[in-house]
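Visitor: What follows is a structure written as structure tokens; I'll ask about it next.
Read-outs throughout are calculated quantities, based only on the coordinates presented, and are distinct from any laboratory measurement. Bear in mind the structure is a predicted one, so any value in this text is a computation, not a measurement. In this analysis, Cβ positions are derived from the backbone assuming ideal geometry, glycine residues included, and neighbour counts consider all displayed protein chains.
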Amino acid sequence: MAYAGSGRRRAATWALAVEVLLAGVAIGTGVVRHDSLGPDYVDIEDVAARPPDVGAGSFTWDCGRNEIGHRNAANVVVTPDRPGPAHHLHDYIGNLSVDVGSTVRTLAGGGTTCGNGDESTYYWPVLRIVGPDDGPHGGAVQVPVSLTLTYHGNARGPVVEMPWLLRGAAGDAYAVTNGGARAVPVWSCSGSPDRWATRYVICPGSERVLRVFDFPSCWDGRRADSGDHRQHLVFPAPGGGCPISTFAVPRLRIVAAYAIAKGTRYRIDSFEGQRHSPLTDHAFFVNLMPSALMREIVRCLNAGLRC
């Protein structure tokens, strides 16, 4: 479908280009904006607020914070049944069985960290503190102090149920070398969650660093996955409208909050050549929500309730 050239995507690409230029991270620009921690960081006070962009109705549930340390270098969506590079660890919540030998078909019955029986898997690169004596890939992995999963409704109309094993992808692990068109990183602070940055944020005082994963929510009605893991599930236009021949499904937003002291450098794990850029932040999910629970989520969202 021709959604990649939509107004929302063009606007997002232009906004990203401006942010990249200001940050001095665009390849070949030579532009550098320095602050106390380097050009990959921005003070939250320098970030503009944005209006809310989700529909009425929400459903929130708890899958923990990965306190159990479920991490490995696998990617069950992109490279199933084989390991990734050791320096690119993923944090997992939800399904307990995800490992190097996993495929989406092996996940059912694998147990879960979610209190409501949701066996879906949700994962993203770990975040590390960077100290003066740490190696090239950073130091201690940080466990969020809080983590929320919320499904939102669509502002333009009702949503339909997600299909079993639907795969969702947000962001691009190769955004630096790919030019940034698919990058959707969101960094914010607990005191001003309406300010979204594409760079690592510097938060005041004891505020938490927020890491937000906002997933696409317009499904093509046919496929659970596609060749690039994106064409079957795309982002809505501003205001929530879905492209022709697609259907609105519950819109997943994950917010992880980290206790990062002001003035401390931090960064995500990344692939070689991506230099741990905040632009490369990304996340995936595979839907294994019990069908009865998915029906309840859709009912809640379409009724405009907060569940």
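Visitor: For Rg and Dmax of the Cα atoms in Å, which listed value, [x] 18.5, 54; [y] 18.9, 63; [z] 19.1, 58, comes from the coordinates shown?
Guide: [x]
Visitor: Choose one of Leu166, Trp124, Gly135: the residue whose Cα lies farthest towards the positive end of the charge dipole of the range 51-207 (beta-carbon charges +1 Lys, Arg; -1 Asp, Glu; about the Cα centre).
Guide: Leu166
Visitor: For the range 42-50, take each phi angle, set θ = phi - 60°, evaluate the Karplus expression 6.51 cos²θ - 1.76 cosθ + 1.60, and give the result in whole Hz per residue in order, putting x for glycine and proline.
Guide: 9, 5, 4, 5, 8, 9, 6, 6, 10
Visitor: I'd like the Karplus ³J(HN,Hα) series for the range 86-102: coefficients 6.51, -1.76, 1.60, θ = phi - 60°, whole numbers in Hz, and an x wherever there's a Gly or Pro.
Guide: 4, 8, 10, 7, 10, 8, 10, 10, x, 3, 8, 9, 5, 8, 4, x, 7
Visitor: I've got another one for you. Between Ala86 and Val145, how high is the FRET efficiency from 1/(1 + (r/R0)^6) when r is the Cβ-Cβ distance and R₀ = 30 Å? Nearest 0.05.
Guide: 0.65
Visitor: Moving on. Quick one: longest stretch of the chain between exposed loop GluC sites (Glu not before Pro), exposed meaning at most 13 other C-beta atoms within 10 Å and loop per DSSP?
Guide: By the stated rule (loop sites, at most 13 other Cβ atoms within 10 Å), 68-271.
Visitor: HN-Hα J couplings of the range 124-129 from phi, Karplus 6.51/-1.76/1.60, θ = phi - 60°, integer Hz, Gly and Pro as x?
Guide: Here the 3J(HN,Hα) series is 6, x, 5, 10, 10, 6 Hz.
Visitor: Quick one: which residues, 5 or more positions from Cys189 or on another chain, have an amide H under 5 Å from its amide H? H modelled 1.01 Å from N in the peptide plane, none for Pro or chain starts.
Guide: Residues meeting the criterion, in which the H sits 1.01 Å from N, are Arg195, Leu210.
Visitor: Which parts of the range 83-113 would a label at His229 reach, counting a residue when its backbone N lies under 14 Å from a point 7 Å out along Cα-to-Cβ?
Guide: From the range 83-113, the list is 83-85, 88-92, 99-100, 102-105.
Visitor: Simple spin-label model, 7 Å along Cα-to-Cβ: Cys307 to Asn116 in nm?
Guide: Label at Cys307, label at Asn116, 0.7 nm between them.
Visitor: Pairing the Cα long axis of helix 291-302 with the longest principal axis of the chain, what angle in degrees results, from 0 to 90 and rounded to the nearest 10?
Guide: With both axes taken from Cα atoms, the answer is about 70 degrees.
Visitor: Report, in degrees rounded to the nearest 10, the 0 to 90 angle that the Cα long axis of helix 7-23 makes with the longest principal axis of the chain.
Guide: Roughly 20 degrees between the two axes.
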